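Asks: Pasting in a structure now, in structure tokens, and then I'll have a few things to ask.
The values are calculated or read from the model by the stated rules, or taken from the named source; none is laboratory data. These numbers were taken from a predicted model, which means no experiment stands behind them. Glycine gets a Cβ as well: all are built from the backbone with ideal geometry, and neighbour counts include every protein chain shown. Protein only, heavy atoms only, side chains kept; ligands, DNA and RNA dropped before computing areas. Shrake-Rupley method; radii C 1.70, N 1.55, O 1.52, S 1.80 Å.
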Amino acid sequence: MQTREVNFDGLVGPTHNYAGLSPGNLLSARNALDVAHPRAAARQGLAKMRKVAELGLVQGVIPPQSRPDLGTLRRLGFTGTDEALLADVARTDPALLSACCSASGMWTANAATISPSADTDSGRVEITPANLSTLFHRAIEAPGTTRLLRGIFPDERFFSVHDPLVASAAFSDEGAANHTRFARGHEHPGVEFFVYGRDGLKVAGGDHDATGSSIRFQGRQTREASEAVARRHGLDPARVVYGRQTQEAIDAGVFHNDVIAVGNENVLLYHENAYCDTDRILGELRARLSECPGSEAFLPLCVQNQELSLEDASACYLFNSQLLSLPGRPGSMMLLVPSDCLEHKKASRVLERIVREDNPIESVEYVDVRQSMRNGGGPACLRLRVALTDDELAAVHPGVLLDEAAFTRLESWVDRNYREDLAPADLADPALPGEVRVAMSELSELLGLALGQEEIV
Ligand code: SUG
């Protein structure tokens with residue numbers, strides 16, 4: 001039986017816009033209130049999926065959630081027809097309207113943490129949808145994401161889709177963006193690496209951390225959330241490693257671990273200043289992976305601060321790349337990098353060095369996801385990795401697994417239904433919810449996936 005990693009990319013939704021909703025995410029702040037291009041954004045995302053599929057990898061898609069989220073607005077006390085409600089919230093609380101319009105579900109690295117069946121005591125794929133409770137516009141994704149994941153992974157013999165962790169700042173969970181699995185081939189049991197940015201139960205005040213030091217941004221993922229996910233997934237504690245982000249990195253715009261590191265099989269590409277206690281983390285990963293079946297030793301690849309500073313890393317997103325094992329070429333990997341790195345001299349030099357040196361990363365390919373990047377979401381943010389055996393893959397809802405015909409259908413669906421431009425003021429356009437309703441109902445047909453009432457405005 002074969003096991004492979006499937007990337008499930010988030011399809012960019014029709015309300016893709018720049019609202020500056022994410023403190024600590026410097027690109028989101030920098031591009032706030034610019035005019036967005038939803039059609040180009042969705043096309044860029046689909047082109048990336050197609051590129052990965054053309055490498056011979058299985059590619060999946062996770063549909064967008066319907067926005068504006070009128071259900072949430074009604075639960076918050078707004079009433080009347082959809083049009084009246086929209087006008088009311090636009091007039092009385094435009095910030096709430098922007099939050100309820102965000103297409104942030106596209107960053108599926110934040111949809112869930114997933115442990116493959118080789119690692120779990122249940123022998124099933126264990127899935128915990130992220131509660132995303134740090135930021136309101138992301139927290140409202142969680143119920144819809146849970147329903148979508150239950151639709152995509154419906155067979156309880158193979159998959160266990162939990163409820164998200166309790167929605168509290170203490171258990172703030174941002175999903176796979178802070179989780180990396182190392183294994184000597186996806187079919188073997190592996191080591192799961194959980195990274196967090198703060199302690200959740202030690203209450204910090206405003207601009208201070210729990211020890212009273214002044215900080216620029218709070219970390220999002222808590223230690224408590226990471227530990228709870230590992231417990232729930234029934235992971236062997238001897239094959240789990242925890243690491244903490246440095247406050248220096250968080251303050252430089254590293255709001256998720258996937259902005260500063262990427263791992264695959266036995267390789268971890270990381271920045272020198274990403275973690276507190278780096279030697280302990282690398283030592284544990286090395287030792288624990290050496291006890292797993294297979295033959296390759298853990299291989300950390302460090303990028304020094306002098307080659308690329310933390311600020312450079314959070315501007316060019318070099319680490320927010322997909323590190324892909326190439327089918328039929330064991331031990332050979334490709335790095336799929338945001339095209340923004342092409343214009344970044346230091347990033348280009350780092351990439352040249354990595355490919356030149358002796359390690360499994362043999363090539364670099366560039367992908368243009370600039371529309372998403374302007375919100376702080378690079379190639380790695382746009383995908384959720386799921387290692388699946390043949391039987392598990394056969395039990396995935398087939399409509400979300402993409403072949404050439406499906407790409408063509410989705411591209412023309414985007415061209416038919418998405419606006420070219422979306423300015424902040426357009427979020428109050430009474431025509432927008434109707435357009436989204438049509439798009440979502442067509443998509444539901446295309447994917448053969450019942451997008452629940454909550455997803456349809
Ligand atoms: O949560 N941006 C997202 C970007 C998520 C990137 N994901 C990973 N690193 N895995 C966030 O900060 C910005 C929305 C806006 O400003 O309009 C936003 O939500």
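Asks: Residues in the stretch 308-328: is at least one assigned to a helix (DSSP H, G or I), over 23 Å from the mean Cα position of the chain (by Cα) and within 29 Å of Ser133 (Cβ to Cβ)?
Replies: no
Asks: Part of a loop (DSSP other than H, G, I, E, B), open to solvent by 10 Å² or more (accessible area, probe 1.4 Å), in contact with a Lys or Arg (Cβ under 6 Å, 6 or more places away or on another chain) and not hydrophobic (A, V, I, L, M, F, W, C): which single residue out of Gly331, Gly294 fits that description?
Replies: Gly294
Asks: On to the next question. Among Val191, Val203, Val166, Val229, which is the only one that is touching a helix residue (DSSP H, G or I) at 6+ places or on another chain (Cβ under 8 Å), of a type in the set (A, V, I, L, M, F, W, C) and on the phi < 0 side of the Ramachandran plot?
Replies: Checking each option against the conditions leaves just Val191.
Asks: Among the listed residues Pro94, Pro38, identify the single one that is within 15 Å of the ligand (Cβ to nearest atom) and out of contact with any strand residue (DSSP E or B) (no Cβ under 6 Å at 6 or more places or on another chain).
Replies: After applying the criteria, what remains is Pro94.
Asks: What are the residue pairs meeting all of these: first residue in the stretch 149-165, first residue of a type in the set (D, E, K, R), second residue not in a helix (DSSP H, G or I), Cβ atoms under 6 Å, and 6 or more apart or on different chains?
Replies: Going by the 6 Å Cβ cut-off, the qualifying pairs are Arg150/Val161; Asp155/Ala395.
Asks: From the list Val386, Val367, Val355, Val337, pick out the single residue that is open to solvent by 30 Å² or more (accessible area, probe 1.4 Å) and either touching a Cys at 6+ places or on another chain (Cβ under 7 Å) or β-branched (Val, Ile, Thr) (or both).
Replies: Answer to the check: Val355.
Asks: Can you tell me which of Ser214, Ser226 is open to solvent by less than 10 Å² (accessible area, probe 1.4 Å) and touching a strand residue (DSSP E or B) at 6+ places or on another chain (Cβ under 9 Å)?
Replies: Only one candidate qualifies: Ser226.
Asks: If you don't mind, there's one more thing I want to ask. Within the stretch 233-245, how many residues turn out to be open to solvent by 20 Å² or more (accessible area, probe 1.4 Å) and either within 16 Å of the ligand (Cβ to nearest atom) or free of Cβ contacts under 8 Å to residues at least 40 places away in the same chain (or both)?
Replies: Result for the stretch 233-245: 1.
Asks: Return only the number of the condition from (1) over 30 Å from Arg280 (Cα atoms); (2) more than 15 Å from the ligand (Cβ to nearest atom) that Glu141 does not satisfy.
Replies: (2)
Asks: Could you tell me whether the stretch 208-219 includes any residue that is in a strand (DSSP E or B), within 16 Å of the ligand (Cβ to nearest atom) and of a type in the set (S, T, N, Q)?
Replies: no
Asks: If Val396 satisfies every condition in (1) more than 22 Å from Met333 (Cα to Cα); (2) surrounded by fewer than 20 Cβ atoms within 10 Å (Cβ to Cβ) but one, which is the exception?
Replies: Evaluating Val396 over (1) more than 22 Å from Met333 (Cα to Cα); (2) surrounded by fewer than 20 Cβ atoms within 10 Å (Cβ to Cβ) leaves (2) as the failure.
Asks: Within the stretch 408-417, can one find any residue that is under 28 Å from Ala32 (Cα atoms), open to solvent by 30 Å² or more (accessible area, probe 1.4 Å) and within 16 Å of the ligand (Cβ to nearest atom)?
Replies: no
Let's see how each residue does on (1) in contact (Cβ under 8 Å) with a residue 12 or more places away in the chain; (2) in contact with a strand residue (DSSP E or B) (Cβ under 8 Å, 6 or more places away or on another chain); (3) away from the ligand (no atom under 16 Å from the Cβ); (4) not basic (Lys, Arg):
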position	(1), (2), (3), (4)
Ser348	no, no, yes, yes
Ser363	yes, yes, yes, yes
Tyr366	yes, yes, yes, yes
Val369	yes, yes, no, yes
Gly377	yes, no, no, yes
Arg385	yes, yes, no, no
Asp403	yes, no, yes, yes
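Asks: Still on this structure: For the condition farther than 21 Å from Arg280 by Cα, more than 16 Å from the ligand (Cβ to nearest atom), touching a residue at least 60 places away in the same chain (Cβ under 8 Å) and outside any strand (DSSP E or B), what is the one hit in Ala176, Ala228, Ala170?
Replies: That would be Ala228, the only listed residue that is farther than 21 Å from Arg280 by Cα, more than 16 Å from the ligand (Cβ to nearest atom), touching a residue at least 60 places away in the same chain (Cβ under 8 Å) and outside any strand (DSSP E or B).
Asks: Condition first: within 26 Å of Leu335 (Cα to Cα), open to solvent by 10 Å² or more (accessible area, probe 1.4 Å) and touching a Phe, Trp or Tyr at 6+ places or on another chain (Cβ under 6 Å). Can you find one or more residues in the stretch 47-58 that meet it?
Replies: Taking every residue of the stretch 47-58 in turn, at least one turns out to be within 26 Å of Leu335 (Cα to Cα), open to solvent by 10 Å² or more (accessible area, probe 1.4 Å) and touching a Phe, Trp or Tyr at 6+ places or on another chain (Cβ under 6 Å).
Asks: So for the stretch 71-79 (the condition being among the β-branched types (Val, Ile, Thr) and within 12 Å of the ligand (Cβ to nearest atom)), does at least one residue qualify?
Replies: no
Asks: Just name the residue that is nearest to the ligand (Cβ to nearest atom) out of those in the stretch 257-276 that are touching a Lys or Arg at 6+ places or on another chain (Cβ under 7 Å) and either assigned to a helix (DSSP H, G or I) or more than 22 Å from Ser332 (Cβ to Cβ) (or both).
Replies: Filtering the stretch 257-276 for residues that are touching a Lys or Arg at 6+ places or on another chain (Cβ under 7 Å) and either assigned to a helix (DSSP H, G or I) or more than 22 Å from Ser332 (Cβ to Cβ) (or both), the one nearest to the ligand (Cβ to nearest atom) comes out as Tyr275.
Asks: Sort out which residues of the stretch 59-110 are without any contact (Cβ under 8 Å) to a residue 24 or more places away in the chain, surrounded by 15 or more Cβ atoms within 10 Å (Cβ to Cβ) and part of a loop (DSSP other than H, G, I, E, B), and write them in order of number.
Replies: Listed by number, the residues that qualify are Phe78, Asp93.
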